[in-house]
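A.B. asks: Next up is a structure, given as structure tokens.
The values are calculated or read from the model by the stated rules, or taken from the named source; none is laboratory data. Keep in mind that what you see is a predicted model, and the values were worked out from it rather than measured. Here the Cβ is made from the backbone with ideal geometry for all residues, glycine too, and neighbour counts use every protein chain on show.
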Amino acid sequence: MDSTAPSGGQVVDGTETGIDFDDGSLTTMSANWSGFSDAHSGIAFYEYSVGTTPGAIDIRGWNSVSTSTAVTTSILILNTGQAYYFNVRATDVAGDMMASPASSDGQAVLPTLTVSVSDTELQLANLNINNTNTATTMVTLTVSTNAYSRCVVRVYTPDFLRLV
């Protein structure tokens, strides 16, 4: 008779080792795990949760994934600048559940930045010695990001425009 709960393994953020950021999605994250075991009756199923601290379920409560050792979960509400942790627990065939889940080391939403200019061409015509090699033109610059609390955008030119 099996009365011993499974032992925990390692939970890794993302779809491969070494992922500290997701792909910029504010709704989807992934994790995978290995090393969970139960010597007496075997693993019946895994459950995962997502939280803002190790072991927490404040983002996504416990969900079964059968015996799969990887998950991509969606329909989350995530913010940039916040760490998220995947938690995994195993239950063996005899019904014994791990007392404490194993947790990942956390991942964050990678902020994305989109920049676009309204015109396809920027013309600075009439640059010559008579107007001191200067010209002014107006363009519309649009910047958007998924950054949660703040974003700093700096636009610069690495050098002056010159006649060649």
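A.B. asks: Restricting attention to the stretch 6-60, which residues are closer than 18 Å to Thr91 by Cβ, of a type in the set (Val, Ile, Thr) and part of a strand (DSSP E or B)?
C.D. replies: Val11, Ile43 - these are the residues of the stretch 6-60 that are closer than 18 Å to Thr91 by Cβ, of a type in the set (Val, Ile, Thr) and part of a strand (DSSP E or B).
A.B. asks: Another question, if that's okay. Within the stretch 89-96, does at least one residue satisfy the condition of being surrounded by 15 or more Cβ atoms within 10 Å (Cβ to Cβ), of a type outside the set (D, E, K, R) and modelled with pLDDT of 95 or more?
C.D. replies: Yes.
A.B. asks: State the number of residues belonging to the stretch 61-85 that are under 12 Å from the mean Cα position of the chain (by Cα), surrounded by 12 or more Cβ atoms within 10 Å (Cβ to Cβ), outside any strand (DSSP E or B) and of a type in the set (A, V, I, L, M).
C.D. replies: The qualifying residues number 2.
A.B. asks: With respect to Ala5, is the statement that it is more than 18 Å from Tyr148 (Cβ to Cβ) and crowded, with 16+ Cβ neighbours inside 10 Å true? If you could, list the steps in order and put the result at the bottom.
C.D. replies: Values: more than 18 Å from Tyr148 (Cβ to Cβ): yes; crowded, with 16+ Cβ neighbours inside 10 Å: yes.
Considered against the rule, which asks whether it is more than 18 Å from Tyr148 (Cβ to Cβ) and crowded, with 16+ Cβ neighbours inside 10 Å, Ala5 comes out as yes.
Listed here are the residues, each with its yes/no results for (1) modelled with pLDDT under 95; (2) among the small types (Gly, Ala, Ser).
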| residue | (1), (2) |
| --- | --- |
| Ser25 | yes, yes |
| Met29 | yes, no |
| Ser34 | no, yes |
| His40 | yes, no |
| Ala44 | no, yes |
| Val50 | no, no |
| Val71 | no, no |
| Leu78 | yes, no |
| Ala99 | yes, yes |
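A.B. asks: Looking at the stretch 93-108 only, could you name the residues that are closer than 18 Å to Gln10 by Cβ and in a loop (DSSP other than H, G, I, E, B)?
C.D. replies: Correct list: Met98, Ala99, Ser100, Pro101, Ser104, Asp105, Gly106.
A.B. asks: Yes or no: Ser34 of a type in the set (S, T, N, Q) and either over 30 Å from Ala147 (Cα atoms) or within 14 Å of the chain's Cα centre (by Cα) (or both)?
C.D. replies: Yes, satisfied.
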